[in-house]
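Trainee: Below is a structure I'd like to ask you about.
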Amino acid sequence: MHFDLVDLRLFIQIAESPSMTQGARKAFMSPAAASARIKNLEESLASRLLYRDSRGVELTPAGQLFLQHARVIMRQVDYMKNEFTEYGAEASGHIRIFANTTAATEFLPEILAGFLAQRPGVTVDLQERLSRDIVRGVMDGSTDIGIIAGPIKADGLQVIHFSTDQLIVITPLEHPLAQRKKIKLTETLSYPHIGLHEGTTLLRFLNEQVALSGQTLNMRIQVYSFEAMCRMVEAGVGLAIIPESSARRHQQTMGLKIIELDEPWRVRERSILVRDLEALPAVIRALISIFLTHDSARERRS
């Protein structure tokens, strides 16, 4: 069995493109040369990797498995290159992060701003993803690290806990529920809700919990950030369910009432997912260390 790094990178580019021609173009190769390389690769592996037809290419089951391994190998090659740049091991490289809604919009921007300001040779690709896609991305090597909240089914991955938050209910100061200390999710459903936009992890999670009660969210409006949700609540548009850390911050400048959510799933453990911490380059390990120290410093301040 023989294949080189050019074959691996070419296969990844074809797998991520709608056609052999476009994948070959990304690899700066003619379609004929790319096709010949893929054919030799399939012969070497004794497995068909791609279905080809007039509409483009599609991965076979063997191709899906090979893509997973190819991504991991090429990412390790990129890690090795970055470790030996002129800037030094912790001062250069590219980091891809898949994160849930809270991480991507609330605390990651602050952490990454300081991290990148001190490392001009580092670039970051931050993508908001659903929990299942975060786990899958770390597993198949399409992302370096994942940031996730809540229970995790991630066999084969390392899970590094770094923060604990909880979901709470926020209402306007004059809302009928404003004097409550605790409240069940079902008790909020007769009132208009303000939610995040479709596709976010938190909205999906809340819809799943509401569905278990046989009801639906009384959604009045959906917005794109927790700050926008808080402003809508303050204006009396409705109530909302958001992480307590976000609610406490915005409560300092807005008229909001915070009510404890009396549900066993309200606590949200935040974790970092990686395939193998020791195999990651120094720059990514440095970022993970900042995650851990950032949370510890915040707890001391509070």
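The values are calculated or read from the model by the stated rules, or taken from the named source; none is laboratory data. All figures in this text were calculated on a predicted structure; none of them were measured in a lab. Cβ coordinates were reconstructed from backbone atoms using ideal geometry, including for glycine residues, and neighbour counts include every protein chain displayed.
Trainee: For the stretch 139-192, what are the residues that are on the phi > 0 side of the Ramachandran plot and within 17 Å of the chain's Cα centre (by Cα)? I'd like the intermediate steps shown before the answer.
Mentor: Step one: filter the stretch 139-192 for residues on the phi > 0 side of the Ramachandran plot, giving 141, 150, 156.
The answer is GLY141, GLY150.
Trainee: Which residue is surrounded by the most Cβ atoms within 10 Å (Cβ to Cβ), if the candidates are limited to the stretch 1-10 and must be in contact (Cβ under 8 Å) with a residue 40 or more places away in the chain and assigned to a helix (DSSP H, G or I)?
Mentor: If we filter the stretch 1-10 for residues that are in contact (Cβ under 8 Å) with a residue 40 or more places away in the chain, which is where we start, we get 1-3, 5, 8-9.
Subset that is assigned to a helix (DSSP H, G or I): 5, 8-9.
On the way: LEU5: 11, LEU8: 20, ARG9: 16.
Restricting to residues being in contact (Cβ under 8 Å) with a residue 40 or more places away in the chain and assigned to a helix (DSSP H, G or I), the top hit is LEU8.
Trainee: Regarding the stretch 11-21, can at least one residue be identified that is over 19 Å from ARG75 (Cβ atoms), surrounded by 14 or more Cβ atoms within 10 Å (Cβ to Cβ), aliphatic (A, V, I, L, M) and in contact with a Phe, Trp or Tyr (Cβ under 9 Å, 6 or more places away or on another chain)?
Mentor: The first filter runs over the stretch 11-21 and keeps only residues over 19 Å from ARG75 (Cβ atoms), leaving 18-21.
With surrounded by 14 or more Cβ atoms within 10 Å (Cβ to Cβ) added as a condition, the list becomes 19-21.
Checking which are aliphatic (A, V, I, L, M) leaves us with 20.
Next, only the ones that are in contact with a Phe, Trp or Tyr (Cβ under 9 Å, 6 or more places away or on another chain) stay: none.
Within the stretch 11-21, none of the residues are over 19 Å from ARG75 (Cβ atoms), surrounded by 14 or more Cβ atoms within 10 Å (Cβ to Cβ), aliphatic (A, V, I, L, M) and in contact with a Phe, Trp or Tyr (Cβ under 9 Å, 6 or more places away or on another chain).
Trainee: Tell me, please, whether a residue that is more than 26 Å from the chain's Cα centre (by Cα) and surrounded by fewer than 14 Cβ atoms within 10 Å (Cβ to Cβ) can be found in the stretch 70-80. Full working, then the answer.
Mentor: In the first step, residues of the stretch 70-80 are kept if they are more than 26 Å from the chain's Cα centre (by Cα); the result is none.
No, that holds for no residue.
Trainee: In addition: Just checking, how many residues over the stretch 107-127 are crowded, with 20+ Cβ neighbours inside 10 Å and acidic (Asp, Glu)?
Mentor: Total meeting the criteria: 0.
Trainee: Next question, about the same structure. Criterion first (at pLDDT below 85, within 15 Å of LEU280 (Cα to Cα), surrounded by fewer than 21 Cβ atoms within 10 Å (Cβ to Cβ) and of a type outside the set (A, V, I, L, M)) does GLU86 satisfy it?
Mentor: Numbers: at pLDDT below 85: yes; within 15 Å of LEU280 (Cα to Cα): no; surrounded by fewer than 21 Cβ atoms within 10 Å (Cβ to Cβ): yes; of a type outside the set (A, V, I, L, M): yes.
Spelling it out, it is not the case that GLU86 is at pLDDT below 85, within 15 Å of LEU280 (Cα to Cα), surrounded by fewer than 21 Cβ atoms within 10 Å (Cβ to Cβ) and of a type outside the set (A, V, I, L, M).
Trainee: If I filter the stretch 110-138 down to residues being assigned to a helix (DSSP H, G or I) and more than 13 Å from the chain's Cα centre (by Cα), which single residue comes out as farthest from GLY199 (Cα to Cα)? Working first, answer last.
Mentor: Quick first cut of the stretch 110-138, residues assigned to a helix (DSSP H, G or I) only: 110-117, 131-138.
Right, trim to more than 13 Å from the chain's Cα centre (by Cα) and you get 110-117.
Values: GLU110: 23, ILE111: 24, LEU112: 24, ALA113: 26, GLY114: 29, PHE115: 28, LEU116: 28, ALA117: 31 Å.
Result: ALA117.
For every residue, the table says whether it meets (1) in contact with a Ser or Thr (Cβ under 8 Å, 6 or more places away or on another chain); (2) surrounded by 15 or more Cβ atoms within 10 Å (Cβ to Cβ); (3) in contact (Cβ under 8 Å) with a residue 60 or more places away in the chain.
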{"site": "LYS26", "(1), (2), (3)": "yes, yes, no"}
{"site": "ILE38", "(1), (2), (3)": "no, yes, no"}
{"site": "ALA46", "(1), (2), (3)": "no, no, no"}
{"site": "VAL57", "(1), (2), (3)": "yes, yes, no"}
{"site": "PRO61", "(1), (2), (3)": "no, no, no"}
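Trainee: On the given criteria, is GLN252 out of contact with any Pro (no Cβ under 9 Å at 6 or more places or on another chain) and not aromatic (Phe, Trp, Tyr)?
Mentor: On the way: out of contact with any Pro (no Cβ under 9 Å at 6 or more places or on another chain): yes; not aromatic (Phe, Trp, Tyr): yes.
Answer is yes for this residue.
Trainee: So which of ARG300, ARG266 ends up being closer than 28 Å to GLY114 by Cα, basic (Lys, Arg), over 19 Å from the mean Cα position of the chain (by Cα) and at pLDDT below 95?
Mentor: Result of the check over ARG300, ARG266: ARG300.
Trainee: Within the stretch 1-50, how many residues are touching a Lys or Arg at 6+ places or on another chain (Cβ under 9 Å) and among the hydroxyl-bearing types (Ser, Thr, Tyr)?
Mentor: 3
Trainee: Suppose the filter is of a type outside the set (Lys, Arg) and at positive phi; does GLY195 pass it?
Mentor: On the way: of a type outside the set (Lys, Arg): yes; at positive phi: no.
In short, no.
Trainee: If I filter the stretch 140-150 for residues that are outside the structural domain of PHE205 (by TED's automatic domain parsing), surrounded by fewer than 20 Cβ atoms within 10 Å (Cβ to Cβ), over 30 Å from ALA62 (Cα atoms) and in contact (Cβ under 8 Å) with a residue 12 or more places away in the chain, do I get at least one hit?
Mentor: yes
Yes/no matrix, rows are residues, columns are (1) in a loop (DSSP other than H, G, I, E, B); (2) modelled with pLDDT of 95 or more; (3) not hydroxyl-bearing (Ser, Thr, Tyr):
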site: LEU202; (1), (2), (3): no, no, yes
site: LEU206; (1), (2), (3): no, no, yes
site: ARG231; (1), (2), (3): no, yes, yes
site: GLY236; (1), (2), (3): yes, yes, yes
site: ALA286; (1), (2), (3): no, no, yes
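Trainee: Looking at the stretch 208-223, which of its residues are surrounded by 14 or more Cβ atoms within 10 Å (Cβ to Cβ) and either in contact with a Cys (Cβ under 7 Å, 6 or more places away or on another chain) or part of a helix (DSSP H, G or I) (or both)?
Mentor: Selection gives GLN209, VAL210.
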